[in-house]
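Student: First the structure, then my questions, so here it is.
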Amino acid sequence: MAAPVDSVGKPSAERSPFNSTSFQKKTRSKLISIPGTRPSVQNGQLLVSTGVTSLDYLLGGGLAVGTVLLIEEDRYDSYSRMILKYFLAEGVVCRHELFVAAAQDNPDDILQELPAPILDDVAIHKPVDQPRLSCEPQDSLDAMKIAWRYQNLPKVQSALASTSRFGHYYDVSKTMEPEIRQAAKCHRFYLPEHPTQSSTTHSPMIESYSALLKSLQEVIHREGFDIAASMPKSRNILRVGLHSLGSALWGDDLSCHDNPRHSHALTTFLYGLRALLRSSLAVAVVTVPSHLIQDRALMGSITRLCDNAIALESFKGSERETNPLYKDYHGLLHVHQVPHLNCLASQLPDHKDLAFKLKRKQFTIEVCRQGYSVQSNCLSRKLSIHPFHNVTDCNPSSEKPVCTFVCYWVTKSKVKLLIVLCWCQSYYSVTFRGNRV
């Protein structure tokens, strides 16, 4: 269609506003570019890695900035502490700032135990020698080489595989070099070094949590992590690691009594922590000894006040430690909650039967294929299932139906009896070569 005659030859400023179009070219919004982060493909939220690549996959690609990850500790606080050190070590490699708070161990001792990154030519920030990071510029990524013994291995297990690469590998048998660790800026909160004063005002939060929240708030405002503050030339991420909140060492009686006097102290702190992180470029990992908390309803409130929640169930000291079904694992991992950010429904993990194991040099999370679903286990191992009616292990006086299966492992020309599974009196009993476990 030709243009109107009266508008031809006139400048665009003198044309009638009715002749101008209201359509504008759609342009991509500029995302904040921070080393060690990437936007989520699901909701566009900025993500950071936990340091454990398989855990990143379970959480939807990583931890969203401004959220809280709750880790329910195992009974001996071995593996929950390991995940916390992975989280802090990833921050050191990506040159994020750290905030570490503890009541039992000095934060300096926790930092000295960080695992060493397994990289050959990683451009970690060292004085003079390596001033650039592997996760910063694009040309530096091409120069990064993984150690030869890990080059042909997948980052995560096949069941938890991810198409994109995020995070780094770490060797738990070695500690991080001091020059790498000291290059990262770290803020420490050690409770014995912060004497608490009795407050005259009635507050549901105890003094130790109030001092911790106040210290974290000062760091966020002073270092420029507040989103509302004026944007500096370069933005960074603050990684917050809070160890064993809710224990008696923090002055909290939540894990000491059935009816604690400070029953709402931890929930009030988590409410304030999440509100503080929502308006800042910070992400937190909090560990809680949930096995010491008797009130399950209160533990449910603690879980709902966090964005992500996982629980570690260690086999150490239990009957499952000697059970042949779990010989390849050190414990189970339960995903209790995933965040609902910029979406109506969150992305739930594809698998619920998850287990973890600590190898000689690496902590991994896998799909537990033994002990939960015998049928899927048989299919994955190419087992043939045949009915077997000569029941000797079940109670003959039981009124409930008896269903017994014999699973055979089929090899080239041999058939080996593997499992006899009997169901009787609404329970399962598993027999290996005639020995009940």
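The values are calculated or read from the model by the stated rules, or taken from the named source; none is laboratory data. Remember, predicted model here, so these are calculated numbers, not experimental data. Methodologically, a virtual Cβ is constructed for each residue, glycine included, from the backbone with ideal geometry; neighbour enumeration extends over all protein chains shown. Remember, those area values only see protein heavy atoms, side chains included, never the ligands or the DNA or RNA. Shrake-Rupley method; radii C 1.70, N 1.55, O 1.52, S 1.80 Å.
Student: Which of the trypsin sites (Lys or Arg not before Pro) found in the stretch 223-300 are loop residues per DSSP with 13 or fewer other Cβ atoms within 10 Å of their Cβ?
Tutor: Sites meeting the loop and neighbour criteria: Lys233, Arg261.
Student: May I pose another question? On the protein heavy atoms, probe 1.4 angstrom, tell me the percent of accessible surface of the stretch 237-330 carried by carbon and sulfur.
Tutor: Ligands and nucleic acids excluded, carbon and sulfur reach 49 percent.
Student: Then there's this: Where only protein heavy atoms count, and the probe is 1.4 Å, what is the accessible area per residue for the stretch 173-303 in Å²?
Tutor: Each residue of the stretch 173-303 exposes 50 Å² on average to a 1.4 Å probe.
Student: For the ranges 77-83, 67-73, what's the packing order if you count other beta-carbon atoms within 10 Å of each residue, average per peptide, and put the highest first?
Tutor: 67-73, 77-83
Student: First check a/c for the stretch 238-356, with a ≥ b ≥ c the square roots of the eigenvalues of its C-alpha gyration tensor; if it is under 1.5, answer rounded, and if not, answer prolate when a/b is larger than b/c or oblate otherwise.
Tutor: oblate
Student: Run the simple label-point estimate for Leu292 and Gln337 please: 7 Å along Cα→C-beta, distance reported in nm.
Tutor: 2.1
Student: Also, I was wondering about something else. By average Cβ neighbour count within 10 Å, what is the ranking of 350-361, 282-293 from highest down?
Tutor: Taking the mean over residues of other Cβ atoms within 10 Å, the ranking is 282-293, 350-361.
Student: Output the peptides 175-183, 340-348, 318-326 sorted from most to least packed, where packing is the average of other Cβ atoms within 10 Å over each peptide's residues.
Tutor: Highest mean packing first, the order is 175-183, 318-326, 340-348.
Student: When the chain is fully extended, how far beyond the present Cα-Cα distance does Ile227 get from Asn259, taking 0.36 nm per residue of separation?
Tutor: In short, 7.6 nm is gained.
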